[in-house]
Amino acid sequence: MNILDLMTAYFLSEEFMKIIVASILGFTYHQTLILNNQSWVKSKFQTLNFILLPAIGFAITSSISSSIALSLGMVGALSIIRFRTPVKNSFELVSYFLLLSIGVITTVNIYTSIGITLFSCFVLVVITFLESKKMFYNSSLKPNLLSETSNYLTVTMSEDYEFNSNNLVSFTFSEDKYYYTLTGSKTYLLDLKSSLIGKNEIIEITSNFDS
C-alpha cells in the first residue's frame, strides 16, 4: 500500500472518527455556553479552542497511553508552554500545545500526526471563511436598549472579556479585536471605565459623557 492508501485508511478509521466526535462535543458545549449568555466564548479564537482542544487532547493521550516513558516525558514537555508572562490570546497556547503534540505523536504514529495536523488546518480555514462571510462573531445583543439619550461606553479590547450581560448592548469581533457597547447609569459606567484603565487587553475606551 502507498502512503495515499494508508492515509485514506486512517481517515476512515475508528480513531479518526473519535477525533471528529471529540471536536463535535467541544463545539456542542461551546454553543451551550452561548445559549446561556456567556459572551466570553463568542469569538473566533474561543470557537477554535473549543473545537481543537478536545481533538488534540484525544490524539496525544491515545498516542502516549501505552508508554510510561512517553507519558512522563510529556509532563515535562508541557511545562514549556506554561508561560510566566500572560499571553494576549489563549489560542496562542492552543497552537503551541498543538505543535508540541504533533512532535510527540509523530514519534508514535505518523498517520495520527498527519491526521490531527490536517484536521486542525481544515477547522481553522473553515472558521476563518465563515468569519469573512460575516456568519460568526458579529451580533447585536440588545440594540433597542440604546437611544440617543442613553449613557453608553464603548470598549475595544485585544482579548475577550466577560461583562455584565444586563449592561451589554452589543458585541462584535473583527480583525482580532473585540468591540463592546455597554449602557447603564453614569456612575456605573464611570466606575467600570476606571476599573478597566490599565488592563493589558484594553485598546480604547470611549463614552458619550464627560469622564
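Figure note: LEU98, LEU48 ranked by solvent-accessible area, largest first, 1.4 Å probe, ligands and nucleic acids not counted: LEU98, LEU48.
The HN-Hα couplings worked out from phi for the stretch 63-73 by the Karplus form 6.51 cos²θ - 1.76 cosθ + 1.60 (θ = phi - 60°) are 7, 9, 4, 8, 10, 5, 4, 5, 4, 5, x Hz, whole numbers, x standing for Gly and Pro.
In sequence order, the stretch 183-198 has phi-based couplings of 10, x, 5, 4, 4, 4, 5, 5, 5, 5, 4, 5, 6, 8, 4, x Hz under the Karplus curve 6.51 cos²θ - 1.76 cosθ + 1.60, θ = phi - 60°, and Gly or Pro positions carry x.
Projecting label points 7 angstrom from Cα along Cα→Cβ for ASN200 and SER13 puts them 4.0 nm apart.
If you model the stretch 170-211 as an ellipsoid using its alpha carbon gyration tensor, with each semi-axis the square root of five times an eigenvalue, the axes come out at 19, 13, 8 Å, biggest first. Rounded to the nearest 10 square angstrom, THR154 shows an accessible area of 40 square angstrom against a 1.4 Å probe. Counting only protein chain heavy atoms and rolling a 1.4 Å probe, the accessible areas of PHE171, PHE91 rank, largest first, as PHE91, PHE171.
In terms of accessible area, using a 1.4 Å probe and ignoring ligands and nucleic acids, TYR161, TYR96 rank largest first as TYR96, TYR161. Annotation: amide H of VAL169 within the under-5 Å range of THR181, LEU182, THR183, sequence separation 5 or more or interchain, hydrogens built in the peptide plane.
The values are calculated or read from the model by the stated rules, or taken from the named source; none is laboratory data. If you're wondering where the values come from, they're calculated on a predicted model, not measured in any experiment. All Cβ positions, glycine included, derive from the backbone under ideal geometry; neighbour counts span all protein chains shown. Just the protein is used for accessible areas: all its heavy atoms, side chains included, with ligands, DNA and RNA removed. Shrake-Rupley method; radii C 1.70, N 1.55, O 1.52, S 1.80 Å.
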